[in-house]
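The values are calculated or read from the model by the stated rules, or taken from the named source; none is laboratory data. This is a predicted model, so every value here is computed, not measured. Counting neighbours? That spans all protein chains shown, and the Cβs are built from the backbone with ideal geometry, glycine included.
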Amino acid sequence: MTADFDYHSLVTKTDSGLSRLDAAIEGMTCAACIGEIERGLRDLPGLGSARVNYTNRRLALEWRDETFDLSAAFSRLRRMGYELHPFELADSERTETETMRFLLRCLAIAGFAAMNIMLLSVGVWVGGDIDPETRDLFHGVSALIALPAAAFAGQPFFRSAFAALRAGRLNMDVPISLGVMLALIMSVYETVTHAEHAYFDSATMLLTFLLLGRFLDHAMRRKTRAVAANLAALRAPLASRVMDDGGETRVPVAQIKPGDLVLSRPGERLPVDGVIVSGAALLDDSLITGETARRPAQIGDSVYAGSLNFDGVLTIRVGAANGATLLDDIEKLLDKAANARSRYIRLADRVSRLYAPMVHLAALSTALFWIVRGASFHDALIAAICVLIITCPCALALAVPAVQVVASGALFRAGVLLNSADAIERLAEADTIVFDKTGTLTAPAPRVVNADSISPETLALAAQLAQASRHPLARAVAALSPEAAAIDAREQQGLGVSAMVDGIEARLGSTVFCEMTRQVEALGVLEPDVSLVAFRHGDRQALFQIRQILRSDALETINALKALGFAIEILSGDRPEAVEKIAVALGIADWRGGLSPSEKVARLDALREADRKTLMIGDGLNDAPALASAYVSISPIDAAHIAQAAADAVFLGERLQPIAVTINLARCARALMRQNLGLSVIYNIFAVPLAMAGWLTPLIAAAAMSGSSLLVTLNALRAGDGSLQKTMSSGKTYAFQPEPAE
């Protein structure tokens with residue numbers, strides 16, 4: 001492709017011996033380009049696979065055969081109208097930001113020009129006794145505004161159309177560009193020949209409508225760029241390697257090899273996967289495994305890169321590092337899932353595959369028909385321009401984005417933020433819902449469940465002590481009295497906090513630290529998911545029972561989703577006994593616990609093979625590959641950043657209510673999208689024959705085109721009508737009403 005870089009230097013080798021190249025690809029205009037690129041490369045000798053990620057514009061090539069010729073693949077892509085560059089996520093984000101700004105500038109210029117030209121056009125339309133000199137002046141001023149405005153604002157369409165034609169193919173931008181340019185050329189001719197009407201307003205209005213749709217599409221699609229950055233934040237860039245003489249040295253993780261010994265100190269994230277050979281510590285594996293409780297790790301236990309070491313010095317024998325850790329596996333699963341999902345082709349894209357060739361054929365047939373009938377070239381061209389304008393996919397381009405914008409606003413009011421432009425369509429098609437347990441069905445933070453049995457004075461003092469600790473169980477105690485002021489306390493790692501209060505030592509922490517083992521024995525057998533925090537201040541004692549609790553409306557939401565016909569499962573990395581208890585409480589018969597990220601993805605793949613369209617709802621890093629792999633996904637706002645980036649939507653607040661509201665509204669929105677596309681087709685069925693018969697002028701064609709756009713926009717506004725939403729979803733409704741976002 002471009003000669004600016006040595007693409008052979010970008011080739012990497014996988015553990016299985018495959019050669020792989022990742023490159024940024026330019027020239028894609030819609031999801032239909034995915035299939036075109038992959039089909040175009042499929043028959044290259046020696047190529048194993050070619051996958052396109054439409055979201056971040058990336059092409060991944062894999063091959064094992066040494067005879068595979070990269071230059072042949074690049075040459076073929078160039079002939080197809082695509083360009084390749086080295087892929088860097090930061091560059092991808094920067095390029096996307098620049099594209100958004102450019103589209104916004106184009107939209108502003110086109111809108112400004114359209115409004116001013118329309119004012120001049122109104123003067124010509126209604127000025128029945130306007131003299132020819134004034135009319136020519138208005139047309140001339142319109143030309144001075146329209147030509148430079150269209151030259152700049154039309155670049156997104158002109159560039160795409162030119163690249164497609166150069167590659168010998170058609171896309172939706174070709175008829176758009178042709179219609180705009182012909183309207184401008186004809187308008188200049190009409191102005192020079194002192195004709196009564198010019199069509200500068202039609203061209204600029206058309207650009208404004210289409211740029212609005214394209215800008216909205218880009219705005220909905222750009223949030224997934226943070227995935228790699230969020231994963232990078234969990235990686236330790238350096239590791240303390242133990243030398244043969246017992247000393248240690250700080251080296252980049254890339255230099256660590258299996259079999260090496262590394263040290264991990266309190267407060268550090270583990271840099272490698274391995275086995276502990278000395279030391280003990282409490283580890284936070286929640287981002288990796290989904291397990292909420294801190295895991296006591298000791299000699300012989302396996303540990304994973306990305307886990308947080310709280311309170312001990314560990315010596316770890318390296319089992320995997322630098323590209324082979326569990327964290328790396330999660331990243332690979334995430335990337336694979338994103339590539340697979342990008343193959344989904346949106347409703348408008350599916351319609352547009354046939355639309356562009358039909359538009360060109362209709363316009364060309366019209367011109368040839370009138371020339372054969374003896375009409376002048378001018379009149380034949382006018383008729384062809386009318387066909388191009390009236391069939392221009394303005395209504396088609398707005399049919400889906402307009403509904404998306406209105407539905408997105410309604411979802412925001414219900415506490416849901418969309419990350420993906422096509423999420424609404426996929427949400428409406430889902431038939432199976434898979435929940436993670438911890439932080440999804442349960443509240444994100446553990447809660448004290450026996451606070452009612454403890455005196456307010458004890459609660460207040462314990463909360464003051466808890467303010468001095470960062471331990472998640474202490475946070476649960478502190479939440480009982482958030483207004484309590486912290487006192488001067490001393491924390492002992494792994495034990496608890498203590499302070500002198502009224503001349504008597506007060507302690508909050510483990511039962512051993514507070515010398516309350518007998519009181520624990522008196523409680524008898526506790527539930528397996530209950531953690532205890534002890535408090536002692538002289539004779540005043542308390543045992544705080546802390547556990548994950550269900551979200552307040554979990555049962556009601558699950559029942560409502562079942563009523564809508566969904567099959568529901570739980571897939572969790574938490575302990576099976578903890579998952580079972582939640583599943584029984586919610587009446588969910590199909591559940592699995594203790595799953596790794598790859599096992600979750602495998603279950604979703606099995607559902608896909610059974611022709612199920614799965615909605616995944618999860619919150620942890622270990623859920624991110626499953627969120628990306630699922631047909632569609634939602635994450636809570638307090639989820640790990642990587643999970644939010646992988647999900648198609650994020651819901652606010654601590655209630656699950658927005659999930660069911662989202663599904664109802666998505667079904668409503670999909671119905672409106674189909675109605676809008678149907679309206680566009682019906683409009684063309686009636687309008688195109690009139691244009692081909694020569695009964696319309698470009699001005700009337702532009703007015704009809706604008707009217708169809710206005711019609712689909714007004715219909716799209718119904719997506720924000722709550723009364724309509726309640727009548728959709730296959731006749732079933734959700735009992736809850738949308739509430740303002742918290």
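Structure data summary
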| read-out | value |
| --- | --- |
| Single condition D623 does not satisfy, out of (1) of a type in the set (D, E, K, R); (2) out of contact with any strand residue (DSSP E or B) (no Cβ under 8 Å at 6 or more places or on another chain); (3) crowded, with 24+ Cβ neighbours inside 10 Å | (2) |
| Residue within the stretch 557-574 that is under 18 Å from A630 (Cβ atoms) and free of Cβ contacts under 8 Å to residues at least 24 places away in the same chain present | no |
| Failed condition for A383, given (1) assigned to a loop (DSSP other than H, G, I, E, B); (2) modelled with pLDDT of 70 or more; (3) touching a Phe, Trp or Tyr at 6+ places or on another chain (Cβ under 9 Å) | (1) |
| Within the stretch 19-41, considering residues that are within 20 Å of P156 (Cα to Cα) and at pLDDT below 70, the one surrounded by the fewest Cβ atoms within 10 Å (Cβ to Cβ) | A32 |
| A534 touching a Cys at 6+ places or on another chain (Cβ under 6 Å), closer than 30 Å to Q519 by Cβ and not β-branched (V, I, T) | yes |
| Enumeration of residues in the stretch 552-583 that are β-branched (V, I, T) and part of a helix (DSSP H, G or I) | T557, I558, V579, I582 |
| Tally, over the stretch 263-280, of residues that are assigned to a loop (DSSP other than H, G, I, E, B), of a type in the set (G, A, S) and either out of contact with any Gly (no Cβ under 6 Å at 6 or more places or on another chain) or surrounded by 24 or more Cβ atoms within 10 Å (Cβ to Cβ) (or both) | 1 |
| S635, sole failed condition from (1) at pLDDT 85 or above; (2) assigned to a strand (DSSP E or B); (3) surrounded by fewer than 24 Cβ atoms within 10 Å (Cβ to Cβ) | (3) |
| Residue satisfying all of: in the stretch 187-213; modelled with pLDDT of 80 or more and among the charged types (D, E, K, R); farthest from M115 (Cα to Cα) among these | E190 |
| Which listed residue, of L44, L59, is assigned to a strand (DSSP E or B) and at pLDDT 75 or above | L59 |
| Residue check, R674 modelled with pLDDT under 85, basic (K, R) and part of a helix (DSSP H, G or I) | yes |
| Exclusive hit being β-branched (V, I, T), surrounded by 18 or more Cβ atoms within 10 Å (Cβ to Cβ) and within 29 Å of the chain's Cα centre (by Cα), set T208, T191 | T208 |
| Subset of the stretch 464-495 (residues that are under 24 Å from A443 (Cα atoms) and small (G, A, S)) | A466, A468, S469, A474, A476, A478, A479, S481, A484 |
| Residues of the stretch 638-669 satisfying the condition of being assigned to a strand (DSSP E or B) and surrounded by 24 or more Cβ atoms within 10 Å (Cβ to Cβ) | A649, F651 |
| Pairs where the first residue, in the stretch 88-107, is closer than 16 Å to R214 by Cβ and the second is among the aromatic types (F, W, Y) and at pLDDT 65 or above, C-beta under 7 Å, 6+ apart | L103/F215; L104/F215; C106/F152; L107/F215 |
| Residue that is hydrophobic (A, V, I, L, M, F, W, C), under 30 Å from M616 (Cβ atoms) and out of contact with any Leu (no Cβ under 9 Å at 6 or more places or on another chain), where the choices are A479, A485 | A479 |
| Among residues of the stretch 183-211, those that are within 19 Å of E133 (Cα to Cα) and either of a type in the set (K, R) or part of a helix (DSSP H, G or I) (or both), counted | 7 |
| Residue within the stretch 350-371 that is at pLDDT 70 or above and basic (K, R) present | no |
| Residue satisfying condition, being in a helix (DSSP H, G or I) and either of a type in the set (S, T, N, Q) or in the same structural domain as F651 (by TED's automatic domain parsing) (or both), within set L595, L604 | L604 |
| Every residue from the stretch 431-467 that is farther than 22 Å from P625 by Cα and in contact with a helix residue (DSSP H, G or I) (Cβ under 7 Å, 6 or more places away or on another chain) | A445, P446, R447, V448, A451, L459, A462, A463, A466, Q467 |
| In the stretch 406-426, the residues that are closer than 21 Å to D638 by Cβ and not hydroxyl-bearing (S, T, Y) | L411, F412, R413, A414, G415, V416, L417, L418, N419, A423 |
| Residue in the stretch 520-535 that is part of a helix (DSSP H, G or I), in contact with a Ser or Thr (Cβ under 8 Å, 6 or more places away or on another chain) and more than 25 Å from A606 (Cβ to Cβ) present | yes |
| Check on P528, exposed (fewer than 13 other Cβ atoms within 10 Å of the Cβ), modelled with pLDDT under 85 and not assigned by TED's automatic domain parsing to the domain that holds G653 | yes |
| Some residue of the stretch 668-679 being without any contact (Cβ under 8 Å) to a residue 12 or more places away in the chain and over 23 Å from L607 (Cα atoms) | yes |
| Some residue of the stretch 584-591 being in contact (Cβ under 8 Å) with a residue 12 or more places away in the chain, surrounded by fewer than 17 Cβ atoms within 10 Å (Cβ to Cβ), out of contact with any Pro (no Cβ under 7 Å at 6 or more places or on another chain) and part of a helix (DSSP H, G or I) | yes |
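Let's see how each residue does on (1) modelled with pLDDT of 80 or more; (2) assigned to a helix (DSSP H, G or I); (3) farther than 30 Å from H194 by Cβ:
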position: H85; (1), (2), (3): no, no, yes
position: R94; (1), (2), (3): no, yes, yes
position: R135; (1), (2), (3): yes, yes, no
position: G140; (1), (2), (3): yes, yes, no
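Here's the yes/no breakdown for (1) buried (at least 17 other Cβ atoms within 10 Å of the Cβ); (2) more than 26 Å from N450 (Cα to Cα):
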| residue | (1), (2) |
| --- | --- |
| D502 | no, yes |
| E521 | no, no |
| A563 | no, yes |
| L571 | yes, yes |
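For (1) basic (K, R); (2) surrounded by fewer than 14 Cβ atoms within 10 Å (Cβ to Cβ); (3) not assigned by TED's automatic domain parsing to the domain that holds R214, each residue gets a yes or a no:
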residue	(1), (2), (3)
A110	no, no, no
I117	no, no, no
L120	no, no, no
D131	no, yes, no
R135	yes, no, no
H139	no, no, no
A150	no, no, no
L165	no, no, no
G168	no, yes, no
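Okay, residues lined up against (1) modelled with pLDDT under 80; (2) under 30 Å from R447 (Cα atoms):
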position: D245; (1), (2): no, no
position: L263; (1), (2): no, no
position: R269; (1), (2): no, yes
position: Y304; (1), (2): no, yes
position: D328; (1), (2): yes, no
position: K336; (1), (2): yes, no
